[in-house]
Number of protein chains: 2
Amino acid sequence: MSKAIKVSVIGAGSAQFSLGLVKDLCLTEGLAGSHVSFVDIDDDRLDMIYKLGTRYAQQLGSSLTFDKTTERKAALQDADFVVNTAYVLGHVIEADMRQLAAEKYGYYHTGGQFGAYHQLRLMLDVAQDMEKVCPNAWLIQSGNPVFDGCTLMTRQTSIKVCGLCHGHYGVYEIADTIGLEYPERIVWQAPGLNHNIWLTHFIYEGQDAYPLIDEWIATKGEEYWRTHVATRTHDAQMSRGAVHQYHLYGLFPIGDTVRRGGWWYHTDIATKKRWYGEPWGGPDTHLARPYFVQTLAERIAEMTRWANDPRTDMVKAVGVEKTHEQIVSIMDGLINNVEGYFQVNVPNHGALTGLPDDLVVEVPAIVNQKGIQPVRVGALPPKVMLEQILPDWLDTERELLAFQTGDRSILLYGVLNHHQTKNYDQAVALLDELLELDEVKEVEDWEKMPRISDHYKYPATMRVA
Amino acid sequence: MSKAIKVSVIGAGSAQFSLGLVKDLCLTEGLAGSHVSFVDIDDDRLDMIYKLGTRYAQQLGSSLTFDKTTERKAALQDADFVVNTAYVLGHVIEADMRQLAAEKYGYYHTGGQFGAYHQLRLMLDVAQDMEKVCPNAWLIQSGNPVFDGCTLMTRQTSIKVCGLCHGHYGVYEIADTIGLEYPERIVWQAPGLNHNIWLTHFIYEGQDAYPLIDEWIATKGEEYWRTHVATRTHDAQMSRGAVHQYHLYGLFPIGDTVRRGGWWYHTDIATKKRWYGEPWGGPDTHLARPYFVQTLAERIAEMTRWANDPRTDMVKAVGVEKTHEQIVSIMDGLINNVEGYFQVNVPNHGALTGLPDDLVVEVPAIVNQKGIQPVRVGALPPKVMLEQILPDWLDTERELLAFQTGDRSILLYGVLNHHQTKNYDQAVALLDELLELDEVKEVEDWEKMPRISDHYKYPATMRVA
C-alpha cells in the first residue's frame, strides 16, 4: 500500500534540515522504498549527509535509498518533490555585511538582508530547471526569503510551489506558556504573509482563549518578563515586544512576526533586550546571531563526528520519533491521500482578502491527493493590513522589481528608508560597499547592474543619465 | 445664451481664492446673472470679501449678485456648485504644532500635518450637508488635503466631488525655464495622486521634449542651481531636488510633488537649501513658511484697505484678465457645454492603472455638459508606483482609518515612521502633546478618542487593554 517517490534536496548539507527529512521519510510507511537525491555545492557536507542518511536508514531497516550529486539538473530527473533549503551566501558573509554596516556606518545589526538577490536567483534557477526536467514535481521552498521567493517562482514559472516555515508553531508556545493543560488541543488560525502572521482565532475547549492570554498578561506577564531567560535565541513568542504588538493590533503576532514590528524595537542592544528579553534580546542581535551560527556549527561538527565514526549508533543519535516538520506529512497527503491540515505559503487567489491573486500568502490548507488547497480565511483587520501586511507587500514588490530589472536604485530605497540611515550619501556609500563585497559580487549578471554611485550619488545626480 | 447659477464658497475669507473666483465669474459671459454665496466663520473676513466682490462686480457692470452668511446650510440651499477652500485650524496653529515638535522634541519643521483630522471632519460635514440640501450640486474641493478628503467624501457620500490644485502648472515652469519659445504650446500629461504627479508625456512642436530638459540639465543646470534665487517660496520646480527625483524615477515630478520625495531632502535647513535652493530651501522650511504666511497676511491687509476705502478703483486693483484657475472654466464646461481639458482629482474607476476604483486620483479630464470625464491614462512606471504612489496610498488609507475609527494609535504609526523620530516614547509623547493643544482638541468628538499614552505608552503597554 506504499508508493515510492523521489525527493531531491537542494542545499542538502544544511545542518538544520536534511536528517530530519530522512527520519520522517523512514518513519512514513506510505512512502517506503522512496529515493532521496542530495544536492549541495559543498562536497564535504554532501558526503556527510549522504553517509548519515544511508546509515540511519540501514540501521532502521528502512527501504529508503539515496544518491548524492553536485549537479542539480541530474538530481531533478524524475523527481516528485524538490526541496530547496539552500542559503547561497551563508551565515559568514551575512555577518561580514552586518559588520561593515556596523563598523563603518554605525548601523545596529543590519545589512545581511542584501543577500536576497542571490537567494532569489537560485530559487528561480531551480524552478526554471524543474520546468525543463520535472515539470510536474512539487517544489517545497524552505530557504528564505519564502515570501519573496515563492511569489517570484509562481509568477515566473509554471511550477507548483509551496513554501514552509516554522514560525506558526509559536502558537503552541503561547498555549504552553499561559498554562493550557493540553496545548495540543487548541484550534487556531494565523494567516498573513510569511514572517507576518496574526492569530485571528485561538480556541480551547470550544471557547475563545484570548481572554486567557489577557489574564496571563495581567497576572503573570510582568514577572515573566522580569525573570524569564531564553534558552533558544528565537524564544520571543511571549516577550514584551510580542505583547506590545498584540496591544497595538488586537491580534497576537506569531513566530517570526514577533521579530519584525517597527524599527523602534531594534535600535540597539538595550532596546532589543527591553522588548525581547535576556540574554540575547531576541534572535536578531549581535549577541544572538553569532550564538545561533555557532550552534549550527556545533551541530555540523557533531554530525561530522557521527559520519566519521562507524561505531555511532545512528538510531540512538537521531531517534525514532517523527519531527514536527510538516514536509513529509504534506508529501504523504499529496501522494497517499493521508489528508491533513497544514500552514503553507501558496499563491493567494482569494484565500486572504485584499491582496493580489499572484502573491504568495501564508494560510492554512487542506492537503490531500487533489492538491494543496488553501482555506479562504477572509480578511485581517484594516489596521493590520495597513500597517503590517500591505507595507510588507510593497517591500517585496520592490525587492522583486530590483531583482527583475537589475536596478540597484530600488535597493537604495530600502537602505534610505532604514530608520537608522542618517542621510542620503551614507545610504549610497553603504549600499555600494555591500554590493561590492567579493562574495556578494561573485554572481552571474552582477556586473550588468550599475553601481549606485554611478547614477545616484550627489552631485553626480545632476548629470544626465 | 447665459445660464445663471448659484455658487457657494465655504471658507470665503481665504485671501488666496475668493476674489479670483469672483473675477472669473464676472468675465465668463455664459454665467452672467449668477449668484455667489460667501460662507465663513470669521465675520470680518466675510464682510471684507462681500464688500470687495460686490464693488468689483458693480464697477465692472457685471450682473453677478452676492450674499454672505456664517450659516453653512443656508448657503447650500439651491447651490449648483459648492467650493470648499476652508482651512479649519489655520496657519497659526499649524505653526504652534511645528514649534512644539521642534523645540521640545527636536524635529525639523514637522507636526503641522496633524491638523488633517479637522480638515477631514469639515469636508465630510460639508458633503453630508449637501446630501440633504443640494444633492445634485458639484463639490469643488480646493482646501487640503485634497487626496485624502476627496477620497473620504466620495466613499462616504453620494455627492459629486472634484478636487482642484495648482501643482500641475509646474509643467509650464519647466517649459519656461528650459527656454521653449512658446511654453503654452506644450502638450503634456502628469497623472498620479494629488501632490504626487509625474510627467509621463512632454511634447513640444510634435516632438518629445524630454531631451530638451536633459540638455538644459547638462548645459545650464549647475549654473542655475548656483545662481538662481527664488522669488516665491514655492519656486522649486527646477531645483536640484526635482532633478534628483527625475533621475531616480525617469519621470519629472511636477508641482507639489517636488516638495515631497524621501525624508533625506528634509532633515535640516542646510539640506533643504542644497536640494531646493536659496533663499528659503523650498516652501517647507522654518524660513519659508512664516514668509508665506506673512505674505498671505499682507494680502489680507491690502484687501482690507480696499474694502474700507470706497475710493479704491476695484477694477484697477483686481484687473480684468481671467486668472489661471480652472474652477470657473470647469463650471462653464459643465453648465454651458464649453468643453475643456483640465487636471482634476476624481474617483479612479480605471483611469490610472493599479489603484482602487474608489480612490481619488489626479488625472486629465474632458469636461462638458455630460460631466467630468477622466482620461484613462494607463499605468505609471513600476518604480514610481512602488516607491511613490502606493506608499502614499497606504498613508492616506491609514489617515482615513484613524479618522473613521478614532484610533489615535494609527496616527502614532505616522509619527513613529517619521524619519526624525528617535524612539518609541518620544513619538508617544509628541503625539499626545500635539493632540492636546487647546485649539486642536476643540473639536466635536475629540474627547471620545483615547490619549495615546493611555494604551500605548511603555510600560503601560503591558496592561490589559
Averaged over A:379-387, number of beta-carbon atoms from partner chains that fall within 10 Å: 5
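When the helices in chain B are scored as -39500 (n - 2.57) per DSSP H run of 4 or longer and the sum is shared across all residues, what 222 nm value do you end up with, to the nearest 500 deg cm²/dmol? Don't skip to the end; give the middle numbers.
Values: 19 runs with 198 residues, N = 465.
After summing the helix terms and dividing by the residues of chain B, the value is -12500 deg cm²/dmol.
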Copy-to-copy label separations for A:Pro381, where each label sits 7 Å from Cα toward Cβ, in nm and ascending: 4.0
Cut-off under 5 Å, modelled amide H: who pairs with A:Lys6 long-range: A:His35, A:Asp80, A:Phe81
So, in nm and shortest first, the distances from B:Gln58 to its counterparts in the other copies, with label points 7 Å along Cα→Cβ, work out as 11.2
In whole Hz, with x marking every Gly and Pro, tabulate ³J(HN,Hα) for segment B:21-36 from phi via Karplus 6.51 cos²θ - 1.76 cosθ + 1.60, θ = phi - 60°. 4, 4, 4, 5, 5, 4, 8, 10, 4, x, 10, 4, x, 6, 10, 10
Solvent-accessible area per residue for chain A (1.4 angstrom probe, square angstrom): 41 Å²
Once each part is reduced to its C-alpha centroid, what is the distance from segment B:106-136 to segment A:1-78 in angstrom? 64 Å
Taking amide hydrogens as modeled 1.01 Å from N in the peptide plane, which residues meet the under 5 Å criterion relative to A:Val375, leaving out close sequence neighbours? A:Ala365, A:Ile366
Show me the three semi-axes of the equivalent ellipsoid for segment A:350-424, from the C-alpha gyration tensor (sqrt of 5 times each eigenvalue), largest first, rounded to whole Å. 31, 17, 9
Going through segment A:122-231, which GluC sites (Glu not before Pro) have at most 12 other Cβ atoms within 10 Å and a DSSP loop state? A:Glu181, A:Glu205
Please give the average number of partner chain Cβ atoms lying within 10 Å of the Cβ of each residue in B:260-267, rounded to a whole number. 3
Among the GluC sites (Glu not before Pro) in segment B:17-102, which ones are in a DSSP loop with at most 14 other Cβ atoms within 10 Å of the Cβ? Mind listing them? B:Glu71
What is the distance in Å between the Cα centroid of segment B:267-300 and that of segment B:368-391? 30 Å
Could you run the numbers on buried accessible area between A and B, total for both chains, 1.4 angstrom probe, in Å² to the nearest 100? 4200 Å²
Given backbone amide H placed at 1.01 Å from N, residues whose amide H is under 5 Å from that of A:Phe66, ignoring those fewer than 5 places away on the same chain, are A:Val36
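How much of the accessible area of chain A, probe 1.4 Å, is carbon plus sulfur, in whole percent?
It is 50 percent, rounded to a whole number.
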HN-Hα couplings for segment A:165-182 via Karplus (6.51, -1.76, 1.60; θ = phi - 60°), in whole Hz with x for Gly/Pro, come out as 8, 8, x, 5, 5, x, 4, 6, 5, 4, 4, 5, 5, 7, x, 5, 5, 10
Using θ = phi - 60° and the Karplus curve 6.51 cos²θ - 1.76 cosθ + 1.60, what whole-Hz ³J(HN,Hα) does each residue of segment A:387-395 get, with Gly and Pro shown as x? 9, 10, 6, 5, x, 5, 4, 5, 4
Over 41 Å apart: what share of the alpha carbon pairs of chain B falls there, rounded to a whole percent? 18 percent
Total charge of the residues flanking B:Thr200 in space, meaning their Cβ is under 14 Å from its Cβ, with Lys and Arg +1 and Asp and Glu -1, is 0
A 19 angstrom limit on the alpha carbon distance is what I want to check against. Which of A:Lys132/A:Lys441; B:Lys104/B:Lys422; B:Lys68/B:Lys132; A:Lys51/A:Lys73; A:Lys422/B:Lys422; B:Lys73/B:Lys132 exceed it? A:Lys132/A:Lys441; B:Lys68/B:Lys132; A:Lys51/A:Lys73
Can you compute the radius of gyration and Dmax for segment A:1-76, using only the Cα atoms, both in Å? 11.6, 37
Over segment A:46-192, what is the relative contact order in whole percent, taking alpha-carbon pairs under 8 Å and six or more residues apart? 20 percent
Residues of segment A:315-348 with amide nitrogen under 13 Å from the 7 Å Cα-to-Cβ point of A:Met1? A:336-339
Which whole number gives the average count of other chain Cβ atoms within 10 Å of the Cβ atoms across peptide B:237-244? 2
Expressed in angstrom, Rg and Dmax over the Cα atoms of the protein assembly as shown are 31.7, 113
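The values are calculated or read from the model by the stated rules, or taken from the named source; none is laboratory data. The model shown is predicted, which means the values in this text are computed figures rather than measured ones. FYI the Cβ positions are ideal-geometry reconstructions off the backbone, even for glycines, and counts take in every protein chain you see. We work out accessible area using only protein heavy atoms, side chains counted, and drop any ligands, DNA or RNA first. Shrake-Rupley method; radii C 1.70, N 1.55, O 1.52, S 1.80 Å.
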